[in-house]
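Asks: Quick one: structure below, then a few questions.
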Amino acid sequence: MEFNDYQKAANRTLFGSEQVLTNCALGLSSETGQVVDLVKQYTFQGESLDKQKLVKEMGDVLWYLSQVAEWADIPFEDVASGNIDRLNKRYPHAPNNH
C-alpha cells in the first residue's frame, strides 16, 4: 500500500471536526506509550514479545501520524520520503539492507 493511499483510507475513520490536531497528537502519544510498554515488558520484565499486539499498536501509531499529516495537508508520502532523505544524508555510508 502506498503511503498516500493509506492516509486517505485512514481518514475515512477520523471522526469529529473540533480539536482534530490536539486529539491526534494526544492519541499519538498514547499509542506510542503502548508500543513502549510492550518493549519494556519484553526487555525488563521477561515477558515474551507479543508481535500481534506490537503490530496492532504500531498500526495505531501509523494511523495517528497519517491523520496529523492529513490535518496539516501534508501528503504522507512526503513525510516518509523526507525521512529517508534525511537518514541518507545523516548516514551516507550505512549499508543498504534491502
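Asks: Mind counting lysine pairs for me in segment 3-90? Cα separation below 23 Å, and the two need to be 8 or more apart along the chain or on different chains. Could the numbers behind the result be given before it?
Replies: Values: LYS8/LYS56; LYS40/LYS51; LYS40/LYS53; LYS40/LYS56.
So the count works out to 4.
Asks: Taking +1 at the Cβ of each Lys and Arg and -1 at the Cβ of each Asp and Glu, which of THR43, LEU65, SER30 sits farthest along the dipole of segment 3-90 towards its positive end, judged by Cα position relative to the Cα centre?
Replies: Selected residue: THR43.
Asks: Output the DSSP H helices from the chain with an along-axis C-alpha extent of no less than 18 Å and a mean Kyte-Doolittle hydropathy no less than 0.0. Working shown, then result.
Replies: Working: long enough: 20-44 (35 Å, 0.48); 51-71 (30 Å, -0.28); 76-90 (21 Å, -0.97).
Within the chain the helices that satisfy the rule are 20-44.
Asks: Only Lys, Arg, Asp and Glu count, each charged at its Cβ (+1, +1, -1, -1), so figure out the dipole size of the chain about its Cα centre, rounded to 20 debye. Could the numbers behind the result be given before it?
Replies: Details: 9 positive and 14 negative charges, 65 e Å.
About 320 debye.
Asks: Determine the distance separating the Cα centre of segment 43-98 from the Cα centre of segment 1-20; give it in Å without decimals.
Replies: Centre-to-centre distance over Cα atoms comes out at 17 Å.
Asks: Between rounded, prolate and oblate, where does the chain land on the alpha carbon gyration tensor, with a ≥ b ≥ c its root eigenvalues, rounded for a/c under 1.5, else prolate if a/b exceeds b/c? It would help to have the intermediate numbers written out before the result.
Replies: Values: a/c = 2.05, a/b = 1.10, b/c = 1.87.
Oblate, since a/c reaches 1.5 and b/c is not below a/b.
Any read-out appearing in this document is the output of simple, stated calculations on the displayed coordinates, not a laboratory observation. Bear in mind the structure is a predicted one, so any value in this text is a computation, not a measurement. Cβ coordinates were reconstructed from backbone atoms using ideal geometry, including for glycine residues, and neighbour counts include every protein chain displayed.
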